[in-house]
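Asker: Sharing a structure, written as structure tokens. Questions coming.
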Amino acid sequence: MRSAARAEFDLSFNVAAARILRDCGELLRQQNANPFRVNAFMRAAQTLESLEVDAREILKKRGLEGLVELPAIGTGLAAAIDEIARTGRLSRLDRLRGSVDPEALFQTVPGLGPELARRIHADLHIDTLEALEVAAHDGMLATVPGIGARRIAVIQAGLASKLGRAPIVVRNQKRVREPDVDVLLDVDREYRAGAAQGRLPVVAPRRFNPEGKPWLPILHTSRDGWHFTVLYSNTARAHELKRTRDWVVVYFHDDEHREGQRTVVTETHGPLQGKRIVRGREALCARHYEHRGESATT
């Protein structure tokens, strides 16, 4: 039989993970997110705190399915607890705080140093490991100078290990399902309008903000079964190019925990100059404007 001290040590993960989930719920509440999402995080935190076994043991023995069988733990929250168990952090919490540092994050992946991490963020406008994983499998990562087939294989293997799953499969070079371009552009419109009118809650990001001033607007909204968290880009590249009030990062996930992100920007050259476009989906954006009867220069 385990001693009381040993049991307390084992359960410390549950307390720490519950604190992270509760922090997410509290930030969502402050940022006017859907009350259902707020309550989901709070109830999941309560479940973790009430467990008499370390949640990592459940993951080890039964995987995500074991967590999903617990009260108030759905697929998405089970994946969040798994991420905390593997990494000691939750990327969604960093996102809500406006403290994502994509270049530092990418450098934790074998095969990526500072320069390649910078190029990936600058060229592909992605800043999560999940988005990097998709790019490594759908051909986008190969478009970044200095990244060849051998390095991509190393990155794919490293991401599979870090994300705790088998590598994703992208058949026939088709992208993992994500929101339509029309939806992403509409979410971008809602965010920028709300930010301009001062209707959105603002956060004080830790990066590039020595005074701790709240300035970064954040939006939580839903469309067509997708849930979105939207912020201006607060990255070194955005500050360097003075595009922090133009580049809009749209994070999305659905109830099956498919997730990703896209960056929406104002195109500065070519036939779509002056238009809001989704980076990496320019052809579909051109089709979007054609269907609306807008020429490329209007």
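The values are calculated or read from the model by the stated rules, or taken from the named source; none is laboratory data. Because the structure is predicted, anything quoted here is derived from the model rather than measured. Positions of Cβ are backbone-derived with ideal geometry, glycine not excepted, and every protein chain shown enters the neighbour counts. With ligands, DNA and RNA removed, areas are computed over all heavy atoms of the protein, side chains included. Shrake-Rupley method; radii C 1.70, N 1.55, O 1.52, S 1.80 Å.
Asker: Between residue 43 and residue 177, what is the label-point separation in nm under the 7 Å Cα-to-beta-carbon projection?
Answerer: For residue 177 paired with residue 43, the spin-label model returns 2.4 nm.
Asker: Normalising by the residue count of the chain, find the relative contact order in percent from Cα pairs under 8 Å and 6+ residues apart.
Answerer: Over the chain, the number comes to 14 percent.
Asker: How high is the relative contact order of the range 30-81, given as a whole-number percent (alpha carbon pairs under 8 Å, six or more residues apart)?
Answerer: Once normalised by length, the contact order is 33 percent.
Asker: In cubic angstrom, how much convex hull volume per residue do the alpha carbon atoms of the range 10-73 span?
Answerer: 69
Asker: Please give me the summed charge of the neighbours of residue 72: other residues whose Cβ is under 14 Å from its Cβ, Lys and Arg +1, Asp and Glu -1.
Answerer: +1
Asker: Students often check this: by mean Cβ neighbours within 10 Å, which of 105-112, 78-85, 222-229, 209-216 ranks highest, and how do the rest follow?
Answerer: 78-85, 105-112, 222-229, 209-216
Asker: Can you give the accessible area per residue of the range 69-170, in Å², using a 1.4 Å probe?
Answerer: That works out to 40 Å² for each residue.
Asker: Now for a different question. How big, in percent, is the set of alpha carbon pairs in the chain lying more than 28 Å apart?
Answerer: 42
Asker: Give the calculated FRET efficiency between residue 89 and residue 149 to the nearest 0.05, with a Förster radius of 35 Å applied to their Cβ-Cβ distance.
Answerer: 0.65
Asker: Also, I was wondering about something else. Tilt of helix 75-87 relative to the longest C-alpha principal axis of the chain, in degrees (0 to 90, nearest 10)?
Answerer: Here the helix axis deviates by roughly 80 degrees.
Asker: How far apart, in nm, are two points set 7 Å out from the Cα along the Cα-to-Cβ line at residue 291 and at residue 15?
Answerer: About 5.3 nm separates the two model spin labels.
Asker: Further, regarding this structure: Pop out the carbon and sulfur fraction of the accessible area of the chain as a percent, whole number, probe 1.4 Å.
Answerer: 51
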